[in-house]
Each structure stands twice: as structure tokens, then as C-alpha cells.
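Inspection log for the structure reproduced underneath, given as C-alpha cells.
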Amino acid sequence: MSDKLKVSVCGVEFKNPVIPASGTYGYGREYECLYPLSKLGGISVKGTTLNPRQGNPAPRVAETPSGMLNSVGLQNGGAKKFLEYELPNLLTKDTRIIANIAGATAEECAELASMMNASKVDMAELNISCPNVKQGGAAFGTSCAAAEAVTRAVKRELPDKPLMVKLSPNVTSITEIAKAVEAAGADALSLINTLLGMRIDIKTRRPILKNNVGGLSGPAVFPIAVRMVWQVHNAVNIPVMGMGGISCWEDAVEMMMAGASAVQVGAAIFADPYTPIKIIHGLEKYCDENNISNISEIVGSVQPW
């Protein structure tokens, strides 16, 4: 792999800008038989909570046109298992490790941050799409005040690692949330998380998902993600990782032109587990054919009318 794909996000060097998104790649174990994980720029691991979670009851995945709905509910083995069992294995794979963390309170998120700060992860990604139980169940990421408060609490406990905050698109103004999070000390932003959606079984007249609603991902959300990445890139002074419906190298180029310093690939991996590798090869060819010395040259290069 050439140096043309090397990127830096808040001081962390990635060999290429392609990263499987949290919740879509587990801890990489299922993919190692297909290709070396060292080929990836990094891995954003499955969302980690303080204690183990069983997740939501099934059915919790539903197919939609050009995408999918999920209400998995952050099923995971908890922070202790991640740090003692999953992370040591990941650290042998020669790729960057991003710890995605989530909690029901700012205090939980801060405790997780402290644990990650003492570990060998490369950066933490804070999921603020989770319900804040102290604020009546509203997601941290839907209020500027809540987003700012939880970001500040987490960054206080994460002095030695970059903090990337994953933004929810289910808001009136994503730029206002982004600016609030930046002001609270975030080092980078990732967006977008899933859009809230619903499907109904017309035979039973019940929602297909047991949780009634779920997060929409896949190609259907891509134009929304590109728009939000572009808006946020032009509103803040910290790096942005773009995600949401990326399924080919052309999508990755488009997202980077909108302002993403790197990209995360999610739902497309379920359809084709080789998607991240194909995107990496496509980006290499794109750079060669367009005389681009480093892929970072295209970041934010879109020229609005």
C-alpha cells in the first residue's frame, strides 16, 4: 500500500482512510479468514458499555429498500471483557483501534473514558445517540446542552487520547450540536449515526422490529450523510470522519470532498465483507489516475455553486 492513502486525524496516523464502522464489524474476528486486518486504516469496535448488555429482543433487524433497520441495542460484553479479551487480540493486528463507548449517564460515559484512557486504544469515539436516563430518556445528541455536558465530562477523563464524538442526524441543526461538542473539547467528530425509521408488517399490523423503531443505514442515507458532513466541516475547526451509506470507493471520494478526513463503512459490509478492501484499492487507483500525491488533498475540495 502506498503512502498516498496515509491520513492523520487529530494526531493519529492511519495507513489509509477506510475504517469499518462501530457495530458492523464486531472486533474483526469474523473477517480475519478473508483478509488481514492490517490492510484496514483502523477499526471502530462494537459499542462498549460499562456493564454487559443483552441488547433488544428479536426481531431487531429489518431489510428496507437500499438499506436496513436495526435495533440491536448495543449488545456487548462490557468494558472489562473488551479490555481484557478483545483489545489484546486487536493490538496484534497492526491497525488503529477506535473504542466506541456509550452510557446511560454522563457519569457512566466518563468512567468508560477513564478506562479507555488507561488502555492502548488509539482514540475513543463517544456515541451520543444513546438515551440519557437522567434527562427523561432523550438522547444526549439531540440537545446542545446535553451534548456539551457529556462531551466535557468524557474529555476530562480522557486527557491522553483523542476524543471523537459520533453525532446523531435526528436533530434540527446538526451544525449547532457539532459546535457545542467542539466547544466542550472534542478533538474530532464522526457522522452520521443512523436515522430513526420504522417498518410495519401489513399482515400482522405490527412493527417488524420488536422495538417498534430502529436505526436506518445503507445507501438510502448517503445523500443526507454527505450534506451533513459538508455542513459540519464548514462549521467547525476539528476533523470529521464521514459515514452513512458508503458502499464503494466513489462514495468515499465524494464524502471526503464534502469534508471528511477519513471514512467509516458500515451496512455495506453485510452485503459484501470485502467492501473496505475494495474501497482501499479504488482509492489507490483514483490517486494514481488523477496525479494525487496524497488523498488528503481532496478533503473539503467540493466547490459549491
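Values in this text are rule-based calculations from the coordinates and carry no lab data. Bear in mind that the values here come from a model prediction, so they are computed numbers and not experimental data. Don't worry about glycine lacking a Cβ; one is built from the backbone with ideal geometry, like all the others, and counts go over all protein chains shown.
The count of lysine pairs in the stretch 57-179 whose Cα atoms are under 18 Å apart, excluding pairs fewer than 8 places apart on the same chain, comes to 8.
Going from the residue with the fewest nearby Cβ atoms within 10 Å to the one with the most, HIS281, HIS233 rank HIS281, HIS233.
By DSSP, the beta bridges lying fully in the stretch 1-152 are antiparallel in about 55 percent of cases.
Comparing GLU30, GLU182, GLU111 in a Gaussian network model of the chain (Cα springs below 10 Å), the most mobile by mean-square fluctuation is GLU30. Restriction of the trypsin sites (Lys or Arg not before Pro) in the stretch 98-206 to DSSP coil positions whose beta-carbon has at most 14 other beta-carbons within 10 angstrom yields LYS120, LYS203, ARG205.
Restricting everything to alpha-carbon atoms, can you work out Rg to Rh for the stretch 3-298 with a Kirkwood hydrodynamic radius?
Across the stretch 3-298, the Cα-based Rg/Rh ratio is 0.94.
Histogrammed with a bin width of 10 Å, the alpha carbon distances of the stretch 199-253 distribute as 21, 33, 25, 17, 4, 0 percent, first bin at zero.
Result for the chain in a Gaussian network model with C-alpha springs under 10 Å: among CYS33, CYS109, CYS287, the largest mean-square fluctuation is at CYS33. Over the stretch 3-298, Cα pairs under 8 Å with separation of 6+ residues give a relative contact order of 20 percent.
Sequentially through the stretch 263-275, phi angles give Karplus couplings (6.51, -1.76, 1.60; θ = phi - 60°) of 10, 10, 10, x, 4, 4, 5, 5, 7, 8, x, 8, 3 Hz, Gly and Pro residues having no value and appearing as x.
What does the charge count near GLU284 come to, summing +1 for each Lys or Arg and -1 for each Asp or Glu among other residues with Cβ under 12 Å from its Cβ?
Computed value for this residue: +3.
Distance between Cα centroids, the stretch 227-272 to the stretch 13-59: provide it in whole Å. The two parts, judged by their Cα centres, are 17 Å apart.
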